[in-house]
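Here the structure comes first, spelled out in structure tokens, and everything after it is commentary.
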Amino acid sequence: MEQGPYKYMRDGSGKVCRVIRIGTRKSQLARIQTDSVAAKLKELNPDINLEIVAMSTIGDKILDTALSKIGEKSLFTKELENALERNEVDLVVHSLKDLPTTLPSGFTIGAVLKRENPHDAVVLHPKHIGKTLETLPDNSVIGTSSLRRAAQLKKRFSHLEFKDIRGNLNTRLKKLDEKADFAAIILAAAGLRRMGWDNRISQILGPEDCMYAVGQGALAVEVRARDADILEMVSVLHDPDTVLRCIAERAFLRHLEGGCSVPVAVHTEVKDSQLYLTGAVYSLDGSDSLKETMQTCIAADDKSIEEVDEQFQRVGVTASKISGEAQDRAERLGIDLANLLLSKGAKEILTVARQLNDAR
């Protein structure tokens, strides 16, 4: 039963209840991520009916071009947001790293779930099992579609070559295993873990080798900002530490004006009420880079929680149950770190990286 923008159905006892429609990409990983969010929502709200609506995005359709060359910031999100705008779905599950730091008007991130391991992982061709990036033969070809990964790893492992590889996880692993083109590929550890493919991870890259992308490893639930009931329903999924880390990371990236067409990397941790943010920018070949770390206190007094404005967003995130003061400090930390790098010449490095990438 459709009624206005919402969809309703009768349950077994004849009672009419609203159906909550969840939008997702069609890939196997996206479905696994969305199913995990749906299961959590169902557990917390046994009376709701959930329906999953899967669709393809620009990023899923254009597979012969490097992501950084397409120049579209919302590669994996636009179609899903269009469906949200047309009331065809009520919420959308994304990998947070796919969401631009500025969302279209009327949308907000209503939940950021507890982060899986945010680091990158090395998956070796079967004939190289037992090796690491360090011990792979000279001129071995490593597949990655990320300028951020390539820039950091080229600098660190100058004996290796880096080439673009596109497609979803299944496609990329197939390309690695069935052809001799690549000695290894670099993927997010979080995706491999969610797929149940931990056994393919040969090496997890620590921050000294390769810092991760903004928001990597975290899932986000995007909703219409005006849907107070949906916002309230998903807000219980927020993981406070992940929210604060990702607000700092997103504020850093937004202030730098970085996107997927420039190499920007981060590393965050929360320890003893302190939030630490390391951020870096790189030239395409990694030869030029700037990296700094800053920290802020995120302990908040209890009274600040009650004063949070329901509709107040920070870098696209609405988290009314988490201390507003702590969120403000996390956002400020990201901006301050970006300003520090900009004062040391980050803009020049990123401008050259963007121009070189456009010319490739």
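Keeping all protein chains in place, calculate the accessible area per residue for the chain (probe 1.4 angstrom), answer in Å².
Numbers: 15640 Å² over 360 residues.
Result: 43 Å² per residue.
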At 1.4 Å probe size, what's the solvent-accessible area of Glu178? Round to the nearest 10 Å². 130
Considering only DSSP beta bridges where both residues belong to the chain, give the percentage that are antiparallel (nearest 5). 75
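Please get the size of the charge dipole for the chain, origin at its Cα centre, with Cβ charges of +1 on Lys and Arg and -1 on Asp and Glu, quoted in debye to the nearest 20. Provide the component values of the computation, followed by the final result.
Details: 50 positive and 52 negative charges, 231 e Å.
Charge dipole, the chain, about its Cα centre: 1100 debye, nearest 20.
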Accessible area of Lys42, 1.4 Å probe, to the nearest 10 Å²? 80
Checked the chain with the C-alpha gyration tensor, a ≥ b ≥ c its square-rooted eigenvalues, rounded below a/c of 1.5, otherwise prolate if a/b is larger than b/c and oblate if not; verdict oblate
Probe 1.4 Å, all protein chains in place: accessible area of Phe157 in Å², nearest 10? 10
Which loop-located trypsin sites (Lys or Arg not before Pro) does the stretch 327-357 contain, where loop means any DSSP state but H, G, I, E or B and the Cβ has at most 16 other Cβ atoms within 10 Å? Lys344
Angle check, please: helix 346-359 long axis (alpha carbons) against the longest principal axis of the chain (alpha carbons), in degrees 0 to 90, nearest 10. 80
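Provide the net charge surrounding Gly334, with neighbours chosen by a C-beta distance below 14 Å and charges set as Lys +1, Arg +1, Asp -1, Glu -1. Walk me through the numbers before you get to the answer.
Numbers: positive: Arg245, Arg250, Arg254, Arg314, Arg329, Arg332; negative: Glu249, Glu257, Glu292, Asp328, Glu331, Asp336.
Computed value for this residue: 0.
Hey, any idea what % of the chain's accessible area is carbon plus sulfur with a 1.4 Å probe? Walk me through the intermediate numbers first.
On the way: 7610 of 15640 Å².
Carbon with sulfur: 49 percent of the solvent-accessible area.
Please give the net charge around Leu173, taking every other residue with its beta carbon less than 12 angstrom from that of Leu173, where Lys and Arg add +1 and Asp and Glu add -1. Provide the component values of the computation, followed by the final result.
On the way: positive: Arg172, Lys174, Lys175, Lys179, Arg200; negative: Asp177, Glu178.
Net charge around Leu173: +3.
The values are calculated or read from the model by the stated rules, or taken from the named source; none is laboratory data. Because the structure is a prediction, the values reported are computed rather than measured. Note that each Cβ is placed from the backbone with ideal geometry, even for glycine, and that neighbours are counted across all protein chains shown. Heavy atoms of the whole protein, side chains included, go into the accessibility calculation; ligands, DNA and RNA do not. Shrake-Rupley method; radii C 1.70, N 1.55, O 1.52, S 1.80 Å.
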